[in-house]
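Have a look at the structure below before the remarks.
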Amino acid sequence: MKLKQKIETIADLAKIRFLGQKIPVAVRWNLTNKCPSRCTYCTLWKTPVSELKTEQIFRALDELAKMGTKTISYSGGEPLLRDDIGRIVSYTKKKGISPSMNSNGFGFTKRVKELRDLDLIKISLDGPAKVAALTRGRKEAYSWAIKAAETAKGAGIRFSFATTITRFNKDSLPYMANLAIKYGTMVAFQPLKTIYRGVKWNSKVYPSKSEWKKIMRVLRSLKRNYPENVRNSDLLISYIANWPNYEKLRCFAGKVFCIIDPNGDVLPCDRVDLPMGAKPNLVKMGSFRAAFEKMPVFSCSGCGFCGAMELNFLLNGKWRGLKEAGKLV
């Protein structure tokens, strides 16, 4: 990020924190629910939803750029299943917004040339091949991820790994840390969370309390020994140690970051439980700005998502999260 953008971001965060303004500095855009994976903790892939057209996405990006958005993370489902993903990424970069992507790596090798404007691809992988096949429901899951990492490295595109912690991969954290070390990158470890986008949760994937305590001991050790390779901040590790009952913390969802769903619904985060038709939609309301201003006020039990929590820590005056928040924007 250029110095001018850094100064603008600091100014925007101050306006949000001290003046109560709403500025969508960071956005996660779920472009589709379609996905080739069949993860043990997600049924989003079989939840049909209409998708915005390319031109509708471009118009929203025009607005986001004017409103001060600094970074957009394209997600899904699997965003690589969108035929226009290359055009979307390039247009995002053209508007002065940093584009990143959450992906399982499926098909990335074939499309890397049209994705050279990506600033970062976050590759989902839960462990070695057998574990990845189990958690992701596809025997090809590991090869998708590794081929994507190798391709990104060869193309000079920054990449990192993202690992969702379940009872099936509770012993795979050191493996993922070593993989990050091998490739000279980072891995983010995410606890499971309930989301309300048609996902039916399987309680069998949740670690027990005793398993979680062991997981946290391992994660603290990895962070201590490999601080540059473990994406989670010390603050975040301490926070998620209480999973799933987090300590109370003021949340700035809907004020500094938000989510756009495939059909144009605009939400503070994916934990908002609202019936169909009750969510502000950028198409129905005529603009992203109108939908952003009408987002519902809500409260939840908290989450362990790296990007959101690091911005929350920063806006709550917990300055130890400044370095990790800086990695986000």
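A few notes on this one:
- For residue 242, nonlocal amide neighbours, meaning residues 5 or more places apart or on other chains whose placed amide H falls under 5 Å from its own, do not occur.
- When Cα extents along the principal axes in Å is calculated for this entry, the matching label among (1) 47, 43, 42; (2) 71, 47, 39; (3) 71, 50, 45 is (1).
- Comparing 92, 232, 45 along the charge dipole axis of segment 25-328, the residue lying farthest to the positive side is 232, per the Cβ-charge model.
- 20 Å cut-off, amide nitrogen to a point 7 angstrom out along residue 143 Cα→Cβ, residues in segment 25-53: 35-39
- For the chain, Cys with no neighbouring Cys Cβ under 4.7 Å: 35, 251, 258, 269, 300, 303, 306
- Gain upon complete extension [residue 67, residue 5; 0.36 nm per residue less C-alpha separation]: 21.0 nm
- Members of 22/294; 15/94; 122/294 lying beyond 20 Å, as alpha-carbon distances in this model show: 15/94; 122/294
Every read-out reported here was derived from the displayed coordinates using simple, explicitly stated rules and does not represent laboratory data. Since the model is a prediction, treat every value here as computed from it, not as a measurement. Positions of Cβ are generated from backbone atoms using ideal geometry, with glycine treated the same way; all protein chains shown enter the neighbour counts.
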